[in-house]
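Below you'll find the structure, written out as structure tokens, and then a few comments.
The values are calculated or read from the model by the stated rules, or taken from the named source; none is laboratory data. Everything numeric in this text was worked out from a predicted model, so none of it was measured. All Cβ positions, glycine included, derive from the backbone under ideal geometry; neighbour counts span all protein chains shown. Quick note on the areas: whole protein, heavy atoms, side chains included, nothing else; ligands and nucleic acids left out. Shrake-Rupley method; radii C 1.70, N 1.55, O 1.52, S 1.80 Å.
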Amino acid sequence: MNSAWSILLVRALFAALFMVIGIFVSLGIDQPWWFGAVIGGTAMALLVLLDMLFARFSLRNFSHATFGLGIGLFCAWLVTRIGIFQLGVFQRMENLEDIRNVTEFLIYVSFAFFGVTFGLRSDRDQFAFIIPYVRFRRDGAEGEPLLLDTNIIIDGRILKVADTGFLSGPLVVPRFVLDELQRLTESGDSQKVIRGKRGLEVMEKLRGMTGVRLSIFEPEAWQKREDLSVDARLAHLARQLNARLLTNDEDLAKVARLRGITALSFNDLVIALQPQLNPGDELALNLLKPGKDRHQAVGYLADGTMIVVNQAVGLVGQTVDVVISSALPTSAGRLIFAELKAK
């Protein structure tokens, strides 16, 4: 059953239960039955309002807060057991019992507050430090769902990335993304047909990969509306599932981040993994072609970064040792200049 409909059903059942209990209580104290129904409905409405306010509060957050609350209350109990109110200076006070009750209440509330806030800011490893013989399950403590965009599926690189094990959490593909891939295969445009077929092949391979949890999400009625773009539905769905969004669409990534959604991109990953070559670094480079100037030769790194080697035009087709001399940022990436290593 869809989670949203499940929540609506639970709210309806509890609303009916609250109203029935209110009616019985009203009849038991000689009040009109409708008075109890209104009180029960109002109480349930307040609970629904609180539930909506805590919509982003996950079960993991609740468990952390509960654990922190327990630690805070235990610390408060230890503090109140010290027996400071048994000192003579306190024993001579009037209304000692009232002062003691108020002070203990403030101590419990303060420690409970700090326990909850510390618990929410803590992660799995910090809890394991507090309880060294208890480890949270890895799959329960890590890996929010990863929502796949159409272009990231067509891209195809997700197969190799998923095979390395770097992608944590289950992969989720909405039904409307599969429908978009199907429409591409039936568009009549040869280029779109190729892209659509490639995307469907990637989906088939992902489903057959061991260690990859792939699920197809069936959208709600509003997510099937044709007036909403696929990007808008993806952003709404990522918020609903509290999922990360994997896309190479820079515009969609920017919109998602503005809405508080974690957006991941293979393009950003490639840029982050580019080797940071600095002047003085040495490497072996295969020279593939002459450069713009007569004395230059050009080679490429594995990620496509171009390196221009001075005084090497006669060595095209060979692998030579070079020394990085400088780097120039351009719109297409870094342009690196090098010199032949002296023998």
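Residue 253 sits among other residues whose Cβ lies under 13 Å from its own Cβ, and their net charge, with Lys and Arg +1 and Asp and Glu -1, is -2.
Quick check: net charge around residue 285, other residues with Cβ under 11 Å of its Cβ, Lys/Arg +1 and Asp/Glu -1? Counting the neighbours of residue 285, the net charge comes to -1.
Sorting 247, 117, 262 by accessible area puts them as 262, 117, 247; the probe is 1.4 Å, largest comes first, and only protein heavy atoms count. In this structure, the amide hydrogen of residue 217, modeled 1.01 Å from its nitrogen in the peptide plane, lies closer than 5 angstrom to those of 173, 175, counting only residues at least 5 positions away or on a different chain.
Give me the number: length gained by fully extending residue 104 to residue 271, i.e. 0.36 nm times residue separation minus the C-alpha to C-alpha distance, one decimal in nm.
Values: separation 167, 0.36 × 167 = 60.12 nm, distance 5.65 nm.
Full extension from residue 104 to residue 271 adds 54.5 nm.
Translational diffusion coefficient of segment 143-216 at 4 °C, 1.567 mPa s, Stokes-Einstein with Kirkwood Rh over Cα pairs, in µm²/s as a whole number.
Answer, rounded: 104 µm²/s.
Karplus-based coupling profile of segment 239-248, in residue order and whole Hz: 5, 5, 8, 6, 10, 8, 10, 9, 8, 9, with θ = phi - 60° in 6.51 cos²θ - 1.76 cosθ + 1.60 and x standing for Gly or Pro. Highest average first, the peptides 177-190, 5-18 ordered by how many other beta carbon atoms sit within 10 Å of their residues are 177-190, 5-18. Modelled label positions at residue 262 and residue 151, each set 7 Å beyond Cα in the direction of Cβ, lie 2.2 nm from each other. Each other residue within a Cβ distance under 10 Å of residue 265 adds +1 if Lys or Arg and -1 if Asp or Glu, for a net charge of -4.
Could you order peptides 254-260, 228-234 by the average number of other Cβ atoms within 10 Å of their residues, highest first?
Values: 254-260: 13.7, 228-234: 16.6.
Listed from highest to lowest mean packing, they are 228-234, 254-260.
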